[in-house]
1. The conditions are (1) surrounded by 16 or more Cβ atoms within 10 Å (Cβ to Cβ); (2) under 22 Å from the mean Cα position of the chain (by Cα); (3) over 17 Å from B:Ala66 (Cα atoms), and B:Met386 fails exactly one of them. Which is it?
2. Check B:Thr81, B:Thr98 and return the single one that is over 15 Å from the mean Cα position of the chain (by Cα), among the polar types (S, T, N, Q), within 14 Å of chain A (Cβ to nearest Cβ) and open to solvent by 10 Å² or more (accessible area, probe 1.4 Å).
3. If I ask for residues that are closer than 16 Å to A:Leu400 by Cα and of a type outside the set (A, V, I, L, M), which ones from region A:300-326 would you list?
4. If I filter region B:320-339 for residues that are touching an Asp or Glu at 6+ places or on another chain (Cβ under 9 Å) and more than 14 Å from chain A (Cβ to nearest Cβ), do I get at least one hit?
5. In a strand (DSSP E or B), touching a Phe, Trp or Tyr at 6+ places or on another chain (Cβ under 9 Å) and crowded, with 16+ Cβ neighbours inside 10 Å, is that true of A:Ala67?
6. I'd like the full set of residues that are over 28 Å from A:Val60 (Cα atoms) and either within 14 Å of another protein chain (Cβ to nearest Cβ) or under 36 Å from the mean Cα position of the chain (by Cα) (or both), limited to region A:134-168.
7. Which residue, of B:Ser123, B:Ser134, B:Ser138, is under 24 Å from B:Met244 (Cα atoms), more than 10 Å from chain A (Cβ to nearest Cβ) and either under 21 Å from the mean Cα position of the chain (by Cα) or assigned to a helix (DSSP H, G or I) (or both)?
8. Of the numbered conditions (1) within 20 Å of the chain's Cα centre (by Cα); (2) within 14 Å of chain B (Cβ to nearest Cβ); (3) open to solvent by 10 Å² or more (accessible area, probe 1.4 Å), A:Ser215 satisfies every one except a single condition; which is it?
Amino acid sequence: MFVFFSLLLNKRVLGANNRKVGVVYDISFQLSEQFPRAISLIVSNGSLNRKYADVPWEYVEGINEVAKLTIPSEKISFNQSHGTYEFTLRRDLLDQQVVDTFNRKVIRVNDVHLLRVDRELRVAHVDIGVRGLVRRLGWEKPLDAAVRLLSPSSPYLKKEHFIGWKYIQPLAVHPVKGTVRLSVAYKDLAQIPSADLGEIMVDLGSAERVALFKSLDLKTQARILEGVSLDIQEALLEELEAKDAVRILEQLPPDMGADILEKMPVHLVQQLLGLMETTRAKKLSMLLSYSSESAGGLMTTEYISLPHTITVAEAISHIKEMTLKTETIYYAYIVDENHKLLGSVSLKDLLVAQPEQAIADVMFRKPISVHVNDTVRSVAFKLDKYNMVVIPVINEGGILQGIITIDDILSKVISIAWKRRARTPAAS
Amino acid sequence: MKLKLFRRQFLPKGAFRTVLIFLSVMGPGIITANIDNDAGGITTYSVAGASYGYMLLWTLIPVTLALVVVQEMCARMGVVTGKGLADLIRENYGVKATFYIMIALLVADFGNTMAEFSGVAASLEIFGISKYISIPLSAAFVWFLVVKGTYRRVEKIFLVASMFYITYIVSGFLAEPDWTEVAKMTFVPTFQLNAPFLVMFMGVVGTTITPWMQFYLQSSVVEKGIRVEEYKHSRLDVIIGGFMTDIVAFFIIVACAAVLYKHQISVETAADAALALGPLAGKYASELFAFGLFNASLFSASILPLATAYYVCEGFGWEAGVNKKFREAPQFYSLFTFLIVVGALVVLIPGFPLIRVMLLTQVVNGMILPFVLIFMLSLVNNKEIMGDFVNSRTFNIISWVTVVTLILLTVTMLITSFLGH
C-alpha cells in the first residue's frame with residue numbers, strides 16, 4: 001500500500017503504552033537497495049526547544065494516522081540535535097533538486113511516494129506534479145472536492161506526476177564541505193549523453209555541481225567537459241588537482257583537449273603538458289601551435305595511418321587494433337617512411353579487395369587534402385565540393401598531420417551561420 | 001595544488017586589470033537598482049518633491065545605506081550558493097512559505113507591470129502619441145526583446161538604458177534649484193509629525209526597497225556565473241547601483257521641489273509633474289522628464305514580467321528560461337505572456353481604477369517584505385549554506401537594524417494606509 005511522505009510528517013508517535021512520544025519529524029533510509037528501506041524514525045518533541053529522538057525501524061509497529069511503536073515511551077531518549085544519517089527524506093529529498101536520469105534533467109521534489117509492505121517502508125517514487133504541490137500546501141481535499149463538483153472528468157483528479165526511484169539520482173551534498181554524502185555511485189549518469197549531462201550541470205547549484213562532478217569517473221568527467229560551455233568548463237576544472245586535470249585531458253580527444261588548454265595561461269599549459277605522457281603532450285602542443293581558426297587548430301591527431309608496404313589483410317587487422325583509439329575507422333591514410341601522405345583508403349575498399357593484394361594497389365593516390373594553415377572556410381568548401389566526410393591535413397612537406405571530420409566543421413559552420421554554438425546549455 | 005585558470009586571471013596586471021574584471025561582472029546590481037526607479041518610484045519622488053519640497057532629501061542617505069546592505073547580502077548568497085533566493089527559501093523553509101511568498105510577489109508584480117505600462121502611455125502622450133498605439137507596440141517590443149534575444153544581449157541593452165536616467169539629473173539642473181538650501185536639507189534631517197508626511201516618508205522608503213528586487217538580483221548574479229573570487233567586484237556593482245538609484249531619486253525630488261513646490265502646484269503622477277514643469281522650467285526640462293519616465297517604464301516593463309515568471313517557476317520547480325522552448329517550459333511562457341498582455345490591456349480600459357490597484361500593490365509589497373528580509377537574514381547567517389561567507393558581527397548588527405527599521409516602517413505604513421482608506 002502506498003503512502004505519501006508529506007502525509008506522515010507531524011503525525012503523532014505513540015509508545016507501546018499508548019502514550020504520546022512526539023511527532024514524526026523525518027525518516028532515514030538505507031540507500032544501497034534498489035528501493036531504499038526505512039531504517040529509523042526521527043521523532044521530534046517540543047516546538048521552541050525542539051528535541052529529537054532516533055527510533056530504529058524495527059520498533060515501529062505501524063505508521064498511518066499515528067505512528068505506533070513497540071517500545072514504551074519512557075525508553076526513548078531525546079537529544080538537542082539529530083544524529084548523523086546517510087540519507088533522510090526531509091533533509092535530502094523533499095524540496096531538493098535531484099537528477100531525473102530518465103528524462104535527463106534536474107527536477108525538484110514535491111513529495112515522496114512510499115510503499116508500505118507489512119512493517120517495511122520503502123521509497124517507490126518521487127512526486128514532481130502539481131497534485132504533489134497542492135498536497136504539501138494542505139489543499140488537496142478541498143481542491144479535489146471543488147474540481148469534482150465543477151468538472152468530474154477533469155484530468156487533474158487522476159494525473160499524478162511520478163518518477164520511479166530507479167531513475168532518481170539524489171544529490172545530498174554537504175553544502176560547505178562540498179562532498180557528496182552518499183556512498184552510492186552515480187552510475188546511472190553514465191548513460192546520459194554528454195550534451196544533456198552538461199545541461200544538467202548548468203541547472204545545479206555550484207556546490208552540487210562540483211560535488212557531482214568530482215564523484216564521477218574520469219571518462220564521464222571528460223564527457224561532461226566536452227558538453228558544457230567554457231564558463232562551466234573552467235569552474236569545474238578549477239576544482240581539480242593538477243594531476244587529475246591531466247588525467248581528464250588524456251581521456252579527451254586531442255582536439256578537444258587542445259581547445260580547453262588554449263584558453264589557459266601559458267605557464268599553466270606548460271605545467272600540465274609536463275605532467276602528461278610524452279606522446280600525448282607532443283600532440284597537444286603541436287595542436288596548440290595552430291590558430292583555432294585554421295585547419296591545424298581544427299584537426300585531430302587520432303587517425304589511422306598505414307605503411308605503404310603492407311597487404312590489405314594486414315591493413316584490416318591494423319585497423320581492428322586501432323578501433324578503440326580513433327575518431328573514425330572508415331578511412332585510413334597510407335604514408336611512407338617519413339610519414340608523407342601517399343594515399344587514402346576506405347574501409348569499404350579494403351573489404352571488397354583481395355586480402356593478399358598490396359595496399360598500394362588498392363589505395364586512392366594523391367588524395368584531396370588541406371594544408372594546416374588553410375582557413376575553416378576553405379576546409380568546409382573542400383569537404384562539400386568533394387563530398388567527403390573526413391579530410392587529411394598536411395604540412396608544407398606533404399607530411400600527414402591529422403584529419404578533420406565533418407562534425408568538427410559542422411559546429412564551426414553553425415556557429416558562423418547562426419552566430420551561436422550548436423549546443424549552448426548556457427544562460428537564459 | 002589547485003588550478004587557477006579562469007580567463008580573467010590572465011588579464012593585464014595593475015589597476016587596469018581590476019577595471020576589466022569589474023566590467024565583466026557588472027550588470028546585475030546596476031540593472032536591479034535602476035529598475036527600482038520605475039514608474040511607481042518616479043511618481044513617488046515627484047510627489048514627494050512637489051508636496052514637501054526639499055524636506056525629504058535627507059531620507060535618501062539612510063535609504064541608500066539600507067538598499068546597499070540588503071542587496072549586498074543577496075548578491076553574496078547568489079555568488080556563494082549558485083542558487084536563486086526562491087530556490088534557497090524552498091530548500092530550507094519548505095514549499096508552504098515559498099508558495100505564499102510567490103503568490104504575493106505575483107500579485108504585487110502584476111500591479112507593478114500595469115503601473116509600468118501606464119507610465120509608458122502617460123509619458124508618450126506628452127509627446128502626442130496615443131496610448132492605443134504606444135501600449136500595443138511597447139508590449140510587443142518587450143515580449144520580443146526578451147523571448148527572441150539572448151540574456152547577455154538584453155543585459156547590454158539594459159545597461160545602455162540605465163544611462164538614460166541621466167536625463168533626470170539634467171532636468172534637476174534645468175530647474176535651477178537653490179543649491180545651498182538643497183545641501184542643507186540633504187544633511188540636516190527635518191521631520192513633521194503628521195500622517196500625510198509619514199505616509200510620504202514611508203512611500204519613499206517602500207518604493208526604493210521592494211521584495212522582488214532581492215529575488216531578481218540574486219537570480220541574475222547566478223545567471224551571470226559570478227565566482228567567489230570575483231565577488232568583491234560584484235559588491236562594487238551593487239554599491240554603484242544603489243548610489244545611482246538614489247542620485248536619480250535625489251534629482252527628481254530636487255527638480256519637482258525647485259519648480260512645483262515653489263509655485264504650490266500639487267501633482268498626483270509623474271506625467272503630471274512632467275507636464276507641470278513645462279511652463280515653469282521650460283520645454284526641455286519637461287520633455288527630458290517625460291523621456292526619463294518613458295525609458296524607466298519601458299525598462300521595468302521588460303524586466304518585471306520576466307523576473308516574476310522566472311522566480312515563480314524556480315520556486316515551484318518548473319523549468320524556466322528564455323532559452324527553452326514553449327513545450328519545455330509552458331508555465332514560464334504562459335506566466336510571462338499573461339503578465340505582459342493583461343498588464344498592458346488593463347491600461348487601455350477607460351476608467352480602470354489604476355490608483356487603487358497601485359495602492360493594493362504597495363500594501364502587498366509591504367506585507368511580504370518583512371518575511372523576505374527575515375528569510376534572507378537567516379539564510380545568509382546559515383553556516384551550512386554560506387560557509388565562511390556568513391555575515392560578520394558588525395555587518396549583522398547593521399543589517400538587523402536596517403531590517404527591523406524597514407519592518408517597523410512597513411507595518412506602520414500598512415496600518416496608516418488601512419486607516420486612511
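The values are calculated or read from the model by the stated rules, or taken from the named source; none is laboratory data. Keep in mind the model is a prediction, meaning the values are calculated, not measured. Please note: Cβ atoms are built from the backbone with ideal geometry, for glycine as well, and neighbour counts cover all protein chains shown. With ligands, DNA and RNA removed, areas are computed over all heavy atoms of the protein, side chains included. Shrake-Rupley method; radii C 1.70, N 1.55, O 1.52, S 1.80 Å.
1. In the conditions (1) surrounded by 16 or more Cβ atoms within 10 Å (Cβ to Cβ); (2) under 22 Å from the mean Cα position of the chain (by Cα); (3) over 17 Å from B:Ala66 (Cα atoms), B:Met386 misses (2) alone.
2. Numbers: B:Thr98 fails: open to solvent by 10 Å² or more (accessible area, probe 1.4 Å).
Checking each option against the conditions leaves just B:Thr81.
3. At the first step, the residues of region A:300-326 found to be closer than 16 Å to A:Leu400 by Cα are A:300-308, A:326.
Within region A:300-326, A:Thr300, A:Thr301, A:Glu302, A:Tyr303, A:Ser305, A:Pro307, A:His308, A:Thr326 meet the criteria.
4. Yes, there is a match, as at least one residue in region B:320-339 is touching an Asp or Glu at 6+ places or on another chain (Cβ under 9 Å) and more than 14 Å from chain A (Cβ to nearest Cβ).
5. Values: in a strand (DSSP E or B): yes; touching a Phe, Trp or Tyr at 6+ places or on another chain (Cβ under 9 Å): no; crowded, with 16+ Cβ neighbours inside 10 Å: yes.
The answer is no for A:Ala67.
6. A:Val134, A:Trp139, A:Leu143, A:Pro155, A:Tyr156, A:Leu157, A:Lys158, A:Lys159, A:Glu160, A:His161, A:Tyr167, listed by residue number.
7. Details: B:Ser134 fails: under 24 Å from B:Met244 (Cα atoms); B:Ser138 fails: under 24 Å from B:Met244 (Cα atoms).
From the options B:Ser123, B:Ser134, B:Ser138, the qualifying one is B:Ser123.
8. Of the numbered conditions (1) within 20 Å of the chain's Cα centre (by Cα); (2) within 14 Å of chain B (Cβ to nearest Cβ); (3) open to solvent by 10 Å² or more (accessible area, probe 1.4 Å), the odd one out for A:Ser215 is (2).
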